[in-house]
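Trainee: The structure is given below, and queries will be raised subsequently.
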Amino acid sequence: MLLRITQEFIQNSLKHSRCENISIRLMTSDANLWALTLRDDGTGFDTSHTLSNGIGLTNMKNRAEIIGADFNLESTPNEGTILTMTLKRQP
């Protein structure tokens with residue numbers, strides 16, 4: 001699922017944002033089994049004006065939900081987009 005979400009983010013970034021750079025960071029910690037952060041430096045978008053969030057964004061959210069990960073997408077016009085997903089450790 002992480003691979004598919006990452007592929008979708010990269011595809012969206014290349015297709016829509018005219019970004020020059022995409023960064024991928026996968027980390028672990030005491031609190032999280034893993035945390036994945038995907039970031040582009042593209043045009044960004046106003047998330048409050050995105051109709052139905054598009055099929056790509058919906059697919060990413062659904063895939064994160066299937067594996068029980070938290071999904072957070074932040075984007076600001078002219079500043080890029082950041083997607084953060086975390087899977088917390090079970091006690």
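Every number in this text was worked out from the coordinates using simple rules, so none of it is lab data. These figures come from a predicted structure and were not determined experimentally. Every residue, glycine among them, receives a Cβ derived from its backbone with ideal geometry; neighbour counts consider all protein chains shown.
Trainee: Could you list, in sequence order, the residues of segment 30-63 that are in a loop (DSSP other than H, G, I, E, B), in contact with a Ser or Thr (Cβ under 9 Å, 6 or more places away or on another chain) and not β-branched (Val, Ile, Thr)?
Mentor: Matches in segment 30-63: 31, 41, 42, 44, 45, 46.
Trainee: Can you find a residue in segment 71-88 that is under 18 Å from residue 2 (Cβ atoms), among the aliphatic types (A, V, I, L, M) and over 10 Å from the mean Cα position of the chain (by Cα)?
Mentor: Looking for residues that are under 18 Å from residue 2 (Cβ atoms), among the aliphatic types (A, V, I, L, M) and over 10 Å from the mean Cα position of the chain (by Cα), one finds at least one in segment 71-88, hence yes.
Trainee: Could you give every pair whose Cβ atoms fall below 8 Å, whose first residue belongs to segment 28-39 and is of a type in the set (D, E, K, R), and whose second residue is surrounded by 15 or more Cβ atoms within 10 Å (Cβ to Cβ), counting only separations of at least 6 or pairs across chains?
Mentor: Sorted first by the residue in segment 28-39, then by its partner, the pairs are 39/22; 39/80; 39/81; 39/82; 39/83.
Trainee: Continuing with the same structure: What do you reckon, is residue 89 among the basic types (Lys, Arg) and surrounded by fewer than 13 Cβ atoms within 10 Å (Cβ to Cβ)?
Mentor: yes
Trainee: If the Cβ limit is 9 Å and pairs must be 6+ apart or interchain, which residue in segment 62-77 that is over 11 Å from residue 47 (Cα atoms) pairs with which residue that is polar (S, T, N, Q) and part of a strand (DSSP E or B)?
Mentor: Pairs found: 69/86; 70/84; 70/86; 71/84; 71/86; 72/84; 72/86.
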